[in-house]
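What follows is one structure encoded as structure tokens, with my remarks underneath.
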Amino acid sequence: MKFPAQVRIIDVGPRDGLQNEKQLISANVKIELVHRLQAAGLREIEVTSYVSPKWVPQMGDNAQVMAGIARKPGVSYSVLTPNLKGFEAAVADVAIKPHEIVVFGAASEAFSQKNINCSIAESIERFAPVVQAAKAQGIAVRGAMSCTLGCPYEGEIAPERVGYLAGLMRGIGVERVDVADTIGVGTPRKVQRAFEATLAHFSIDEVSGHFHDTYGQALSNTLAALQMGVWNFQSSVAGLGGCPYAKGATGNVSTEDVVYLLHGLGIDTGIDLEALVDAGQFISAALGRKPNSRVAIALINKRLS
């Protein structure tokens with residue numbers, strides 16, 4: 001079977017991975033994490049979000065973090081901007097303007113209501129002016145499509161619902177989308193059906209996989225997407241992160257585990273796995289726990305033996 005020769009990974013650890021941590025992590029630690037990730041070869045990093053610190057206190061230092069990063073040529077820095085106010089804050093200082101913004105929507109009506117108190121269609125209407133404003137400034141726009149394989153309130157999500165959301169995203173000018181298994185219930189064939197529905201609206205170069213490992217299927221689902229030619233994936237260093245609105249949903253698949261899989265398939269990622277493990281150790285130490293990555297733990301144990 002022919003797989004993509006190269007894969008691009010977006011590490012979402014600094015934003016999606018840390019946003020729900022109860023202990024506040026200093027801006028300096030977050031900046032150092034970004035520096036370590038880009039030094040390890042990551043070319044796309046989701047850094048922070050411009051949301052109300054009342055709702056997400058961990059991201060209250062967004063401007064400080066963006067200002068503190070020593071940007072590396074060839075690296076794209078993205079931020080989540082859920083509304084126009086957030087977008088305006090993200091671009092207020094041209095020196096720290098992101099390369100890409102992220103808007104989000106759910107393939108589940110119930111999840112959309114619970115998460116942002118509006119319907120799927122209404123959420124897209126809210127994002128339309130944000131997308132327009134970003135494109136007017138030459139900033140790329142990515143759409144995160146959550147609950148594409150299952151919802152904590154509705155259960156299984158039909159591929160048609162994924163296609164519906166993808167069509168709405170395309171309609172407001174979103175340039176690429178993430179097919180996200182927010183609660184980690186997906187299995188390979190279901191993943192492929194969700195991508196098939198998305199590919200009716202976006203090309204293979206405009207889609208990415210974002211898998212959680214709740215049921216231990218994230219790497220299997222990554223392989224299933226690779227079989228379709230998908231070559232963009234999102235993961236989180238040390239397996240950081242989960243979903244605050246999805247009870248019991250464990251963290252994102254770890255970047256270390258995904259990279260080990262890809263390298264084992266002979267796929268080029270441009271990432272130094274040992275340096276990546278070091279980055280995961282760094283942020284895990286700051287959080288006072290071990291990395292949530294089997295590959296990282298195995299390699300750390302190997303170093304100690």
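None of the figures in this text is laboratory data; all of them are computed from the coordinates on show. Please read all numbers here as calculations on a predicted model, not as lab measurements. Quick reminder, even Gly has a Cβ in these numbers, built from the backbone with ideal geometry, and neighbours come from all protein chains shown.
Apply the a/c threshold of 1.5 to the C-alpha gyration tensor of the chain and tell me whether it is rounded, prolate or oblate. Judged from the Cα gyration tensor, the chain comes out rounded (a/c under 1.5). Any idea how far the Cα center of segment 52-79 sits from the one of segment 120-184, in Å? Each part reduced to its Cα centre gives a spacing of 22 Å. Name the shape class, rounded, prolate or oblate, that the alpha-carbon gyration tensor gives for segment 1-132, where a ≥ b ≥ c are the square roots of its eigenvalues, rounded holds for a/c under 1.5, and otherwise prolate holds if a/b is larger than b/c and oblate otherwise. Oblate, because a/c is 1.5 or more while a/b does not exceed b/c.
In this simple spin-label approximation, Asn301 and Ile204 carry label points 7 Å from Cα along the Cα→Cβ vector, and these lie 3.7 nm apart. Measuring spread by the Cα atoms of segment 96-200 yields a radius of gyration and Dmax of 13.5, 41 Å.
For segment 8-304, averaging the sequence separation of C-alpha pairs within contact (under 8 Å, six or more residues apart) and dividing by the residue count gives a relative contact order of 18 percent.
Please figure out what share of the DSSP beta bridges in the chain is antiparallel and state it in percent, rounded to the nearest 5.
So the antiparallel bridges in the chain amount to around 10 percent.
Placing +1 on the Cβ of every Lys and Arg and -1 on the Cβ of every Asp and Glu, with nothing else charged, gives segment 132-291 a dipole about its Cα centre of roughly 440 debye.
Working from label points 7 Å from Cα in the Cα-to-Cβ sense, the Ala70 to Glu21 distance is 2.2 nm.
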